[in-house]
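See below for the structure under consideration.
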Amino acid sequence: MTGETIAAIATPPGMGGVGIVRVSGSLARAIAVGILGRVPEPRQAAFGGFREADGGFIDEGLALYFQAPRSFTGEDVLELQGHGGPIVMDLLLRRCLELGARLARPGEFSERAFLNGKLDLIQAEAVADLIESSTALAVRLAGRSLQGVFSHRINALVECLIQVRLHVEATLDFPDEDIDLADEPSVAADLSAILEAVDRLLADAHQGQIIREGLAVVIAGAPNVGKSSLLNALCGSEAAIVTDIPGTTRDLLKFDIQVDGLPIRIVDTAGLRHTHDPIEQEGVRRAQAALNEADLVLWVQAVDHQPDESIRATFPAGCPVTRVRNKIDLLGESARLIERDRETEIALSVATGEGLDLLKTHLKSHAGLSTHPEGAFIARRRHLDALERARQALRAATATLDQRLGAELVAEELHLAQRALGEITGQFTSDDLLGRIFSSFCIGK
Ligand code: GDP
Ligand code: ZN
């Protein structure tokens, strides 16, 4: 626990019916006495006047006192609920500072809750994600992470991993007995079960990350095939042009849209082509960067022209591609969706709107929305990176085992996997990581 007491206005700036100043730390009691004349009974609302040092009136309202460790931060916490005017709140905050508190940094209450073991890192992040949710679905998923759905699965994996590690490390302690790990079926079986669980968790976490950040869709294709028209049709009235990236001469546009609650970030890469103009080169570089982060490429083609297959080379390897064969009205074809081995093809007409519903359903199923909405949870890119590292270490452990390279190397990889999983819940962290996470929170949270 740190010695300093922190204070912040927890409600948003501006005027409102109620405004809240929050205090956490060992001075909370003294601050209650200084402002209210007494310490309220823990966890009971106390009505009273909020006063200056000379007894002058600041406001009147409710005070709530939570005694350590039974509070959000795990420290003594005081909440003063007054009238939500900016000057009132400012006076109240100043009074807390006068009584010894210092101004809280963004996310510092949550950081203390984490450091005092009240929340793990996933849950602390879920609080911020809940606040920042842009759809009702994101709220539900953040709620599940906050309630421990994601943490529980990580912790269960870590438990299994520890068991395997103990088993492997035990053989290290008895080098003379010459136990060959590869001949121990349980180690290999346990490892493969853990790997499968990591794969499932990674898939679910990816879905949660898409709900949090939006499905990243790139629209690519030759000029005049109908890319801009398709974008407009998908945007509908919910269209919000977020950025048109400065420095590009044309046509790399980003849109944030929603299709039935699914947030989608669409990038139109119309400007993607080889060029020697430095400004355009920058545009091409950014378009390529957008492509590399894509969850899905929509490759738009017009049915009345041969598609330019050479564009395919610009798509990131491994990224799913959906061919959108536009302008079926010209040939009088009907809309349809064909699932191929590694590629989906959708024939539609932006002009008549026929087949757009097929595309929307396809986008939703691509985000995993139609398959299993229950049990889903919110996740961040950092969680995916760590899960990916855990998976790689587990695969390396399996390969090491198969090749009989020795228990020591297996143990080393298992250790790496456990560390990666521990980073997700915050069991292993660096100050740098914590700083990055909590500094993006709101003040007073
Ligand atoms: P982009 O260059 O790929 O962005 O293509 P645009 O969206 O600017 O469209 C090029 C032309 O195709 C415009 O004249 C559109 O009106 C037309 N177009 C777009 N979609 C359709 C369609 O489904 N059917 C027909 N007949 N024309 C379309
Ligand atoms: Zn266009």
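The values are calculated or read from the model by the stated rules, or taken from the named source; none is laboratory data. Note that the coordinates shown come from a computational prediction; the quantities given were computed from them, not determined experimentally. So basically every Cβ, Gly included, is an ideal-geometry build from the backbone, and we count neighbours across all protein chains shown. Note: areas computed on protein heavy atoms with side chains; ligands, DNA, RNA excluded. Shrake-Rupley method; radii C 1.70, N 1.55, O 1.52, S 1.80 Å.
Got a sec? Which of D295, D304 is under 19 Å from L234 (Cβ atoms) and among the charged types (D, E, K, R)?
The unique qualifying residue is D295.
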Evaluate region 253-271: report whether one residue or more is modelled with pLDDT under 60 and over 23 Å from the mean Cα position of the chain (by Cα).
yes
Please go through region 83-95 and give me each residue that is under 14 Å from A8 (Cβ atoms) and either over 34 Å from the mean Cα position of the chain (by Cα) or of a type in the set (G, A, S) (or both), ordered by number.
L92, R94, R95
Out of the residues in region 272-286 meeting the condition of being away from ligand 2 (no atom under 16 Å from the Cβ) and open to solvent by 80 Å² or more (accessible area, probe 1.4 Å), tell me which one is modelled with the highest pLDDT.
R285
Of the residues L141, L195, L161, only one is open to solvent by 10 Å² or more (accessible area, probe 1.4 Å) and farther than 24 Å from G435 by Cα; which?
L195
For region 312-358, how many residues meet the condition of being away from ligand 1 (no atom under 16 Å from the Cβ) and polar (S, T, N, Q)?
1
Mind counting the residues in region 329-369 that are open to solvent by less than 80 Å² (accessible area, probe 1.4 Å), modelled with pLDDT under 85 and not in a helix (DSSP H, G or I)?
3
Check whether at least one residue in region 29-45 is surrounded by 20 or more Cβ atoms within 10 Å (Cβ to Cβ) and either closer than 18 Å to P13 by Cα or aromatic (F, W, Y) (or both), and report yes or no.
no
May I ask you to list the residues in region 303-328 that are modelled with pLDDT under 95 and outside any loop (DSSP other than H, G, I, E, B)?
E309, S310, I311, R312, A313, T314, V321
Failed condition for V324, given (1) within 30 Å of the chain's Cα centre (by Cα); (2) more than 16 Å from ligand 2 (Cβ to nearest atom); (3) at negative phi:
(2)
Looking at region 223-246, can you tell me whether even one residue there is modelled with pLDDT of 70 or more, part of a loop (DSSP other than H, G, I, E, B), within 16 Å of ligand 2 (Cβ to nearest atom) and on the phi < 0 side of the Ramachandran plot?
yes
Residue in region 24-36 that is within 30 Å of the chain's Cα centre (by Cα) and not acidic (D, E) present
yes
Residue pairs meeting the criteria (Cβ under 7 Å; at least 6 apart or on separate chains; first touching a residue at least 12 places away in the same chain (Cβ under 8 Å), in region 413-427; second polar (S, T, N, Q) and open to solvent by less than 50 Å² (accessible area, probe 1.4 Å))
E413/T400; T425/S151
Across region 46-88, what is the total count of residues that are open to solvent by less than 20 Å² (accessible area, probe 1.4 Å) and not β-branched (V, I, T)?
15
